[in-house]
Amino acid sequence: IMRSILFLLPAFAVFFTALSADAGAPGIDAFLRHGAGVRAAGMGKAATSIPMGAASFYWNPAGLGLMEGTELTSLFSQPYTEVEDLQYHTVGFAHRNPSRHVGYGLSGVFFDAGDLREATAAGALTGNTFNSRDGALYFSVGAGFGGDDGRKRACIGANFKGVRADIAEYSSTG
């Protein structure tokens with residue numbers, strides 16, 4: 001029964017992910033597409049199948065079940081040099097108890113566009129400025145399952161995420 005569950009779980013995940021008709025459309029979480037961790041950034045964001053330690057919260061939370069001990073990860077970048085105040089931050093803390101195969105993490109992703117100049121619908125600048133900030137907090141868990149020799153053969157993980165976006169006097173939470 002356990003093997004059947006482990007076999008069917010990825011199929012259910014793919015099915016439920018495909019249900020959203022506007023999955024590729026920008027929305028409240030568009031800022032989350034930049035990634036987390038310098039190792040993954042150096043690999044061109046090709047990091048889903050590689051255990052990334054504390055950065056697993058972003059790429060694949062199942063990787064928390066493979067890490068050893070406690071890790072802290074952080075990333076700061078200014079993704080577009082044309083916009084001076086634009087800042088992207090990630091920070092993550094993860095721990096796996098050596099006597100168990102379960103790792104836990106608490107992480108955050110933050111995006112700040114700084115002061116933006118206000119314009120009318122016709123494009124004329126008004127002289128006023130406003131802020132735009134986005135943030136997400138993650139609680140992640142990952143578990144590794146081993147074979148008879150003690151090596152982990154399979155992993156499963158999940159994220160619980162809250163997202164908030166603020167622009168001028170408007171805000172949204174999801």
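The values are calculated or read from the model by the stated rules, or taken from the named source; none is laboratory data. Remember, predicted model here, so these are calculated numbers, not experimental data. Virtual Cβ from ideal backbone geometry, glycine too; neighbours counted across all protein chains shown. When the accessible area is computed, the model is the full protein with side chains, heavy atoms only, and any ligands, DNA or RNA have been set aside. Shrake-Rupley method; radii C 1.70, N 1.55, O 1.52, S 1.80 Å.
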Within the stretch 94-112, how many residues turn out to be small (Gly, Ala, Ser) and either open to solvent by 100 Å² or more (accessible area, probe 1.4 Å) or over 17 Å from residue 57 (Cα atoms) (or both)? 1
Top-ranked residue in the stretch 113-145 [being open to solvent by 50 Å² or more (accessible area, probe 1.4 Å) and of a type in the set (Asp, Glu); ranked as modelled with the highest pLDDT]: 118
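Being at pLDDT 80 or above, in contact with a strand residue (DSSP E or B) (Cβ under 6 Å, 6 or more places away or on another chain), in a strand (DSSP E or B) and within 22 Å of residue 155 (Cβ to Cβ) is true for just one of 94, 62. Which residue is that?
Working: 62 fails: in a strand (DSSP E or B).
That would be 94, the only listed residue that is at pLDDT 80 or above, in contact with a strand residue (DSSP E or B) (Cβ under 6 Å, 6 or more places away or on another chain), in a strand (DSSP E or B) and within 22 Å of residue 155 (Cβ to Cβ).
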Can you pull out every residue in the stretch 118-132 that is out of contact with any Phe, Trp or Tyr (no Cβ under 7 Å at 6 or more places or on another chain) and part of a strand (DSSP E or B)? 119, 125, 126, 127, 128, 129, 130, 131, 132
Kindly indicate whether any position in the stretch 146-158 is among the basic types (Lys, Arg), open to solvent by 40 Å² or more (accessible area, probe 1.4 Å) and within 15 Å of residue 53 (Cβ to Cβ). yes
